Amino acid sequence: MEQSTLWNIFSEESLGFQRTILEKSGLGQSTYIPEALRTLPPNPSLAFAEKEVELVFFHAMDDLLAKTVVKAGNIGILIVNSSLFSPSPSLCSRIINKYKLKSNVLSYNLGGMGCSAGLIAVDLAKHLLQVHRESLALVLSTENITLNCYFGDKRSMLVSNCLFRMGASAVLLSNRSSDRYSAKYELIHTVRTHKANDDRGYRCAFQEEDSKGKVGIALSKDLPIVAGEALKINLTSLGYVVLPIKEKLLYYANYIGRNIFKMQMKSYAPDFKKAFGHFCIHAGGRGILDTVQKGLHLTDELLEPSRMTLSRFGNTSSSSLWYELAYSVLEY
């Protein structure tokens, strides 16, 4: 019966294609899909979508409040990011109502920003905390799967079915002097590069309808290339700040040789292992991790948090980096 139901939704070719992608994706057998997609037939309704987001957000929020012993009423800034699910009342309003946050809380809903939204939200929180002194900022990140599973046959849109899974993160940032010694981490730098001014970047992950009117996210083959270009720009900006002098000199010498003296040589990739002890590369898929590992000359040990997150939880979009950071803490 299950096979018959699936065949009524997908063609045999589409099922085979998704099976192949799953086998090569790096995902394990314990990732989570929402309840609506486990029913026969699937029931991607608004009610189930709300149930999914409340399940992941409320659990993440409860864990955070318990671990930090912070009262919800003391949170002054709330930032929620969910790229494709933006209901009314807003997700911020649901959190405020559930946990009775104060009426003057600064709340922001970020949408349409994909897997990078979690760090974009942290960057926004950082800038807000520079203005609002002695404040707490809460960042909640997720991506809703229930209403965004694709039930057509266009291959570029089927890929997302195979990679994305349920997940969420809750991060609390503070600029209160009393929290300095109890905080786990100190935020030093944030760097962001936007590639929407380039058509390849603009189209690399695009929500659209197929020829039969079925909505999904089309992932372009240019996605790894665009991501690599953005990463290169980010690392160049960050390198000026964090790299040791020797690495900077080697990079500058290589740049001058290639661009001024027109010498035939490969561009020099600085060794960021000399600046960082840990790397959390977004668990977007095995191919992306392979490309980044090769480009940055990272060891298997340094990629372990990313690969284990992908295997255990799948691509949880904007929250995945926090899964990786949690793995790094437990591992080391």
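Checking the condition touching a residue at least 24 places away in the same chain (Cβ under 8 Å), closer than 22 Å to Gly114 by Cα and β-branched (Val, Ile, Thr), which residue from Val242, Val226 passes?
Val226
Identify, please: which residue in the range 1-31 is surrounded by fewer than 16 Cβ atoms within 10 Å (Cβ to Cβ) and either in a loop (DSSP other than H, G, I, E, B) or of a type in the set (Ser, Thr, Tyr) (or both) and is, among those, modelled with the lowest pLDDT?
Once the filter is applied, the top-ranked residue is Met1.
So that you can scan it fast, the table gives a plain yes or no per residue for (1) closer than 23 Å to Arg176 by Cα; (2) among the polar types (S, T, N, Q); (3) touching a strand residue (DSSP E or B) at 6+ places or on another chain (Cβ under 9 Å):
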site: Arg94; (1), (2), (3): no, no, yes
site: Leu101; (1), (2), (3): yes, no, yes
site: Gly111; (1), (2), (3): no, no, yes
site: Cys115; (1), (2), (3): no, no, yes
site: Ala121; (1), (2), (3): yes, no, yes
site: Thr142; (1), (2), (3): no, yes, yes
site: Tyr150; (1), (2), (3): no, no, yes
site: Asp153; (1), (2), (3): no, no, no
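Could you please find all residues in the range 277-315 being farther than 21 Å from Ile21 by Cβ and among the β-branched types (Val, Ile, Thr)?
The answer is Thr299, and nothing else.
Please verify whether Glu143 is in contact (Cβ under 8 Å) with a residue 60 or more places away in the chain and either at positive phi or assigned by TED's automatic domain parsing to the domain that holds Ser45 (or both), treating the condition exactly as stated.
yes
Which of the residues that make up the range 305-321 are in a helix (DSSP H, G or I) and either in contact with a helix residue (DSSP H, G or I) (Cβ under 7 Å, 6 or more places away or on another chain) or buried (at least 24 other Cβ atoms within 10 Å of the Cβ) (or both)?
Correct list: Pro305, Ser306, Arg307, Met308, Thr309, Leu310, Phe313, Ser317, Ser318, Ser319, Ser320, Leu321.
I'm told Ser116 meets every condition in (1) among the hydroxyl-bearing types (Ser, Thr, Tyr); (2) more than 21 Å from the chain's Cα centre (by Cα); (3) surrounded by 17 or more Cβ atoms within 10 Å (Cβ to Cβ) except one. Can you identify the failing condition by its number?
(2)
Can we say Ser178 is assigned to a helix (DSSP H, G or I) and more than 22 Å from Leu289 (Cβ to Cβ)?
yes
Any idea how many residues of the range 81-119 are closer than 19 Å to Ala60 by Cα and aliphatic (A, V, I, L, M)?
The number of residues fulfilling the criteria is 7.
Just give me the residues in the range 310-332 being among the hydroxyl-bearing types (Ser, Thr, Tyr) and either out of contact with any strand residue (DSSP E or B) (no Cβ under 9 Å at 6 or more places or on another chain) or over 21 Å from Ile33 (Cα atoms) (or both), in sequence order.
Answer for the range 310-332, where residues must be among the hydroxyl-bearing types (Ser, Thr, Tyr) and either out of contact with any strand residue (DSSP E or B) (no Cβ under 9 Å at 6 or more places or on another chain) or over 21 Å from Ile33 (Cα atoms) (or both): Ser311, Tyr327, Ser328, Tyr332.
Given the criteria in contact with a Lys or Arg (Cβ under 7 Å, 6 or more places away or on another chain), small (Gly, Ala, Ser) and either within 21 Å of Val171 (Cβ to Cβ) or buried (at least 18 other Cβ atoms within 10 Å of the Cβ) (or both), does Gly285 qualify?
Criteria not met by Gly285.
What number of residues in the range 96-124 are over 26 Å from Cys204 (Cβ atoms) and of a type in the set (Gly, Ala, Ser)?
Selection size over the range 96-124: 2.
If Val241 meets every condition in (1) out of contact with any helix residue (DSSP H, G or I) (no Cβ under 7 Å at 6 or more places or on another chain); (2) more than 29 Å from Gln130 (Cβ to Cβ); (3) not in a strand (DSSP E or B) apart from one, which number is that one?
The failed condition is (2).
In this structure, is Ala72 more than 18 Å from Thr142 (Cβ to Cβ), modelled with pLDDT of 95 or more and not β-branched (Val, Ile, Thr)?
Yes.
Here are some residues: His194, His132, His127. Which one is farther than 17 Å from Ser82 by Cβ, surrounded by fewer than 18 Cβ atoms within 10 Å (Cβ to Cβ) and not assigned by TED's automatic domain parsing to the domain that holds Asp62?
Only one candidate qualifies: His194.
The values are calculated or read from the model by the stated rules, or taken from the named source; none is laboratory data. The shown structure was predicted, so the numbers you read here are calculated from the model rather than taken from an experiment. Glycine gets a Cβ as well: all are built from the backbone with ideal geometry, and neighbour counts include every protein chain shown.
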